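Colleague: Structure incoming, see below.
Every read-out reported here was derived from the displayed coordinates using simple, explicitly stated rules and does not represent laboratory data. These numbers come from a predicted model, not from an experiment. Every residue, glycine as well, gets a Cβ built from its backbone with ideal geometry; the counts of neighbours run over all protein chains shown.
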Amino acid sequence: MIELTAQDWQAIQLTLKLCLYTTLILLLLGTPLAWWLAQGQSRVRTAIQALVALPLVLPPTVLGFYLLLLLGPHGAVGGTLEQLGFHHLAFSFTGILIGSVIYSLPFTVQPLLESFRRMGPRPLEVAQTLGAGKLDQLFSVVLPLCRGGFIVAATLTFAHTLGEFGVILMLGGSIPGETQVLSVLIYDHTEAMNYSQAHQLSLGLLIAAFVVLFIVYGLNKRFDRGQLT
Amino acid sequence: MTDSTHFPSDACDKRSWWHKLSWAFDRNSTTNRPKQPTVATELSIAGTLKRGDFCLQLNDTLPLHGITALFGRSGCGKTSLLRAIAGLDRHPEAHIHFGSTPWQHGKHFLPVHQRRIGMVFQESSLLPHLSVKQNLLYGYHRLSKTSPRHLQPAQVIEWLELAALLPQKPEQLSGGQRQRVALGRALLSQPQLLLLDEPLASLDQQSRNEIQPFLQRIARQSGIPMLLVSHQLDEVVKLADQLVLMQDGRIHSQGPLPQQLLRPELAAIGAMSLLYANSSGCQGHLLQLTIGEQQLQLPAPLHSTTAAPASIKPVSYRLRIQARDVALSLQPLTDSSVSNQLQVRITGFNPAPHPAETLVQLDLAGQPLQALLTKQSVERLGLQLGQLVYAQVKAVALD
């Protein structure tokens, strides 16, 4: 039956850590970005929205390639870090975390944007006229009304990071405990003809992804509201 | 007092942690919500309000007592004006002063949540994730500790007959009920000014008739000045004390409603008059009314659930009289079924929408009355300015 090696467990742990960190960072970054995008239509907003959606259409290798250049020892970011006495970010957990954040950005921003747009400006206008300040509006109106959007955004981001491969392989390689996540390990197992081990992990991932998506669609139905009544 | 009207009691009344936190962040500026109600008698607004291609030029002062109607065609800028007053739209080229308090002047802009206004929107605007009770108390709980609470939840719930709705969710309510809750919610935030943006427009006639008496009752009993946006003249004549006529991107004219109704622009929509009368009781089923020295008798309104109880019947009534329901004679008629005959003086003749008709302006103990006659009748009777004649009133609507 299921016999996972220490290496497998390490990869599972690393993958979950990467997914969790990515999701948390993206919720913090994506919420203000989606909010700003929902405030209207302008050329700048359209450009930013296109930029956010780029990872949807680009081959992950393209993204990984440029990130490798940027974060590597001779890149703008990596080089500067080296000069300051730090280590560059290629082939490190921080590096693949940055890659994941960029790669999964559209999966956070899109559901949030949609739920902010569906809510519309009216509930906040109501709250303002009743004496609620900005932060009060966020907690007493936006979060409860867009709860569905937040849950879907978090779940999709998590699930999408789970399935990340190209960016990580390009940027992080396959260092156990540092950058060797499940998808990369499955690739390694397959390369080494360890089909049974690849099979275990693949099936596990498949089931996990299905369960997550099933939950997302279930929630979508349940939270399919947010309009004023 | 029943459980459902007892405030504050349960968990939803308690301020949540975010509320306290937000309080600290949102209110650390020096421009806190004023703690005392500013006693302002007028609202002045000057400058240009722009929205897309539309432009509203203003340099006006609106009265702040009773109900003031902002009246005009759809798209004449009524709602834009109301939103500017609320602070929901920011127009850099406009100055708005509430009494002597600047709400917007140059770079100074008092945020909406510090203006202490109540607003009722055209379509339902209850927060769907909160119950009726939580909606009602949303603004009430956000009042600062020291600010006065002139209106208590129990009282507003009684006025608007909301007790039975409290545990429900907004989605369970009818359109009329939702607007009643929205009105109560706005009132409980203890506003110094209530802004009503066509609050009845999205309702069917039955719900409309259901809410109108509430609006009148609240204006009378709370003493909070109201600005009512409307494009329906009959609604305005039922509710308002003053009328601000908006036309061609500006305020065309404003003044007390009875006088404003004489304007040709309004007469073209529906020539009618508004009279204020005092009642001296009922005889049989006839309500005895006096206007100056003159007497009127009208069938007393049948008691309805929404009307005030018999014990506190208003002594003052508003009478709506269509100009075409008024006939004139040179002598009092003795052989007519019309029993309400009022001696009036002719003060003017205005053109009517139809070329064969004339609107005769009359003075009844200082109040204006209009009669719609054919030009032929005016000539036949030889009616002239200053002449004393008898007005036969065939139909009156009582409010």
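Colleague: Which residues, taken from the stretch B:79-114, are more than 7 Å from every other protein chain (Cβ to nearest Cβ) and in contact with a helix residue (DSSP H, G or I) (Cβ under 7 Å, 6 or more places away or on another chain)?
Modeller: Passing the criteria: B:Gly87, B:Asp89, B:His91, B:Ala94, B:Ile96.
Colleague: Hey, can you tell me all the residues within the stretch B:84-101 that are under 21 Å from B:Pro225 (Cα atoms) and not in a loop (DSSP other than H, G, I, E, B)?
Modeller: Across the stretch B:84-101, the qualifying residues are B:Ala84, B:Ile85, B:Ala86, B:His95, B:Ile96, B:His97, B:Phe98, B:Thr101.
Colleague: For the stretch B:267-303, give me each residue that is assigned to a helix (DSSP H, G or I) and either under 15 Å from B:Leu342 (Cβ atoms) or without any contact (Cβ under 8 Å) to a residue 60 or more places away in the chain (or both).
Modeller: B:Ile269, B:Gly270
Colleague: Can you find a residue in the stretch A:127-147 that is touching a strand residue (DSSP E or B) at 6+ places or on another chain (Cβ under 6 Å) and either closer than 19 Å to B:Pro128 by Cβ or among the basic types (Lys, Arg) (or both)?
Modeller: Yes: the stretch A:127-147 contains one or more residues that are touching a strand residue (DSSP E or B) at 6+ places or on another chain (Cβ under 6 Å) and either closer than 19 Å to B:Pro128 by Cβ or among the basic types (Lys, Arg) (or both).
Residues checked against (1) buried (at least 17 other Cβ atoms within 10 Å of the Cβ); (2) among the polar types (S, T, N, Q); (3) touching a Pro at 6+ places or on another chain (Cβ under 9 Å):
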{"residue": "A:Gln83", "(1), (2), (3)": "no, yes, no"}
{"residue": "A:Phe91", "(1), (2), (3)": "yes, no, no"}
{"residue": "A:Leu97", "(1), (2), (3)": "yes, no, no"}
{"residue": "A:Ser115", "(1), (2), (3)": "yes, yes, no"}
{"residue": "A:Met119", "(1), (2), (3)": "yes, no, no"}
{"residue": "A:Pro123", "(1), (2), (3)": "yes, no, yes"}
{"residue": "A:Ala132", "(1), (2), (3)": "yes, no, no"}
{"residue": "A:Asp136", "(1), (2), (3)": "yes, no, no"}
{"residue": "A:Val141", "(1), (2), (3)": "yes, no, yes"}
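Colleague: Of all residues in the stretch B:122-135, which are more than 7 Å from chain A (Cβ to nearest Cβ) and closer than 29 Å to B:Leu43 by Cα?
Modeller: B:Gln122, B:Glu123, B:Asn135
Colleague: Check B:Gly139 against each of (1) of a type outside the set (Ser, Thr, Tyr); (2) within 7 Å of chain A (Cβ to nearest Cβ); (3) surrounded by fewer than 22 Cβ atoms within 10 Å (Cβ to Cβ) and name the one condition it does not meet.
Modeller: (3)
Colleague: Just one of the numbered conditions (1) free of Cβ contacts under 8 Å to residues at least 24 places away in the same chain; (2) within 30 Å of B:Glu171 (Cα to Cα) is not true of A:Leu206; which one?
Modeller: The failed condition is (2).
Colleague: A further question on this structure: Quick check: is even one residue across the stretch A:150-161 within 14 Å of chain B (Cβ to nearest Cβ) and closer than 30 Å to B:His129 by Cβ?
Modeller: yes
Colleague: Name the helices (runs of 4 or more DSSP H) wholly inside the stretch B:177-264 in which the number of residues that are under 19 Å from B:Glu161 (Cβ atoms) is 1 or more.
Modeller: Qualifying helices (runs of 4 or more DSSP H): B:205-222, B:233-239.
Colleague: Before we move on, is A:Ile186 away from chain B (no Cβ under 14 Å), more than 26 Å from A:Pro32 (Cβ to Cβ) and surrounded by 15 or more Cβ atoms within 10 Å (Cβ to Cβ)?
Modeller: For A:Ile186, the condition - away from chain B (no Cβ under 14 Å), more than 26 Å from A:Pro32 (Cβ to Cβ) and surrounded by 15 or more Cβ atoms within 10 Å (Cβ to Cβ) - is met.
Colleague: Show me the strands (runs of 3 or more DSSP E) found entirely inside the stretch B:349-399 where at least 2 residues are farther than 26 Å from B:Glu293 by Cα.
Modeller: B:357-364
Colleague: Could I ask something else about it? Consider B:Ala154 against the criteria (1) assigned to a helix (DSSP H, G or I); (2) surrounded by 19 or more Cβ atoms within 10 Å (Cβ to Cβ); (3) more than 11 Å from chain A (Cβ to nearest Cβ); (4) in contact (Cβ under 8 Å) with a residue 40 or more places away in the chain: it satisfies all of them except one. Which criterion is unmet?
Modeller: (2)
Colleague: Are any of the residues in the stretch B:185-205 closer than 22 Å to B:Pro63 by Cβ and free of Cβ contacts under 8 Å to residues at least 24 places away in the same chain?
Modeller: Among the residues of the stretch B:185-205, not one is closer than 22 Å to B:Pro63 by Cβ and free of Cβ contacts under 8 Å to residues at least 24 places away in the same chain, which makes the answer no.
Colleague: Of all residues in the stretch A:125-153, count the ones that are closer than 23 Å to A:Val216 by Cα and in contact (Cβ under 8 Å) with a residue 12 or more places away in the chain.
Modeller: 11
Colleague: Quick check, is B:Ala182 among the small types (Gly, Ala, Ser) and within 11 Å of chain A (Cβ to nearest Cβ)?
Modeller: Criteria met by B:Ala182.
Colleague: Out of the residues in the stretch B:167-176 meeting the condition of being assigned to a loop (DSSP other than H, G, I, E, B) and facing chain A (nearest Cβ under 10 Å), tell me which one is surrounded by the fewest Cβ atoms within 10 Å (Cβ to Cβ).
Modeller: Per the criteria, the residue is B:Lys169.
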